[in-house]
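All remarks here apply to the structure that follows.
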């Protein structure tokens with residue numbers, strides 16, 4: 001039987017995923033295309049980072065002037081504060097610096113900042129980064145990083161998946177703009193879904209087919225993770241979560257009528273069959289986003305992957321039906337029963353469903 005230390009180490013390794021530069025650039029471009037000045041004059045904080053080689057730090061440092069940033073801050077978590085099994089080897093960048101401290105490199109987090117041209121080459125970029133050790137271990141819940149959070153305008157990072165709830169609450173507490181990476185199952189968390197329902201948070205442009213390729217120093221073993229190359233893994237069901245506007249969010253979803261879906265749908269569950277209703281909700285089951293009928297006026301249950309196509313001008317989100325139990329604040333509408341809140345069809349669970357209604361077009 002695994003010890004508590006082994007379990008923590010395994011969990012920590014599953015959090016050691018580092019985002020690819022191309023994915024960061026593609027996501028940031030979505031916000032820039034919608035608003036070219038989205039980062040102008042802003043202080044951007046990149047917590048949960050390893051600044052020496054982080055692609056988040058590299059991207060924002062290289063594009064500091066093009067984005068019009070005011071300040072860039074990037075911080076890391078001390079190696080000794082991570083569970084056993086996570087080893088740390090200082091980079092040459094740190095080892096060759098006059099600031100290097102053999103003890104602090106293990107016990108203290110690090111902070112990198114970028115504000116102006118220090119090298120004298122006339123450009124503010126990665127060569128002008130300044131760094132030092134933090135006073136503490138770099139835990140985002142500590143006062144030191146909280147102060148940086150409060151200074152920042154926008155927080156961007158790939159936080160540990162296991163700490164997603166805590167990290168999101170930490171951001172929302174300070175009411176900051178953000179772009180963060182997380183597992184799409186976080187949509188169903190009771191701490192997360194109400195933010196989506198109330199349009200305080202939404203999905204970003206996203207990874208292709210919700211598949212992310214990460215660098216990892218480990219070889220994780222999970223049915224959701226596939227080895228793609230040397231320390232590169234493909235992880236299913238990964239999303240960008242944000243409260244910054246982008247163009248895809250306002251693209252209307254092209255849909256067929258209910259009659260045309262029944263006649264022409266490519267899905268055997270709909271074509272020639274029609275739409276089933278839930279046993280315990282006054283709503284129809286729509287198992288595929290492209291099968292949402294354009295002329296249905298009532299409540300519909302759709303998969304959580306619908307949120308990659310969600311346009312708040314087109315639909316109103318009412319609630320969520322999932323297998324985690326009944327929470328009126330999340331379900332958002334009454335169900336026909338007093339025990340089982342899962343979205344059931346003929347007694348079978350249909351997995352998590354977002355309940356929504358089509359908004360009426362203005363006359």
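See the values below:
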| read-out | value |
| --- | --- |
| Range of Cα positions in the stretch 128-277 per principal axis (Å), largest first | 66, 39, 32 |
| Fewest-first sequence of 57, 115 by Cβ atoms within 10 Å of each Cβ | 115, 57 |
| Contour excess over end-to-end distance, with Cα ends at residue 273 and residue 32 and 0.36 nm allotted per residue | 82.4 nm |
| Mean ellipticity per residue at 222 nm, deg cm²/dmol - from DSSP H runs of n ≥ 4 across the chain, formula -39500 (n - 2.57) | -5500 deg cm²/dmol |
| Rg/Rh (Cα only; Kirkwood hydrodynamic radius) as it applies to the chain | 1.02 |
| In nm, spacing of pseudo-spin labels at residue 333 and residue 260 (7 Å Cα→C-beta vector) | 2.3 |
| Residue order, fewest to most beta carbons within 10 Å, for 250, 213, 208 | 208, 250, 213 |
| With eigenvalues of the C-alpha gyration tensor scaled by 5 and rooted, the stretch 51-170, Å | 24, 20, 12 |
| Cα coordinate range in the stretch 258-358, projected on the principal axes (Å, largest first) | 37, 32, 21 |
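Every number in this text was worked out from the coordinates using simple rules, so none of it is lab data. Note that this is a predicted model, so its numbers are computed, not measured. Cβ coordinates were reconstructed from backbone atoms using ideal geometry, including for glycine residues, and neighbour counts include every protein chain displayed.
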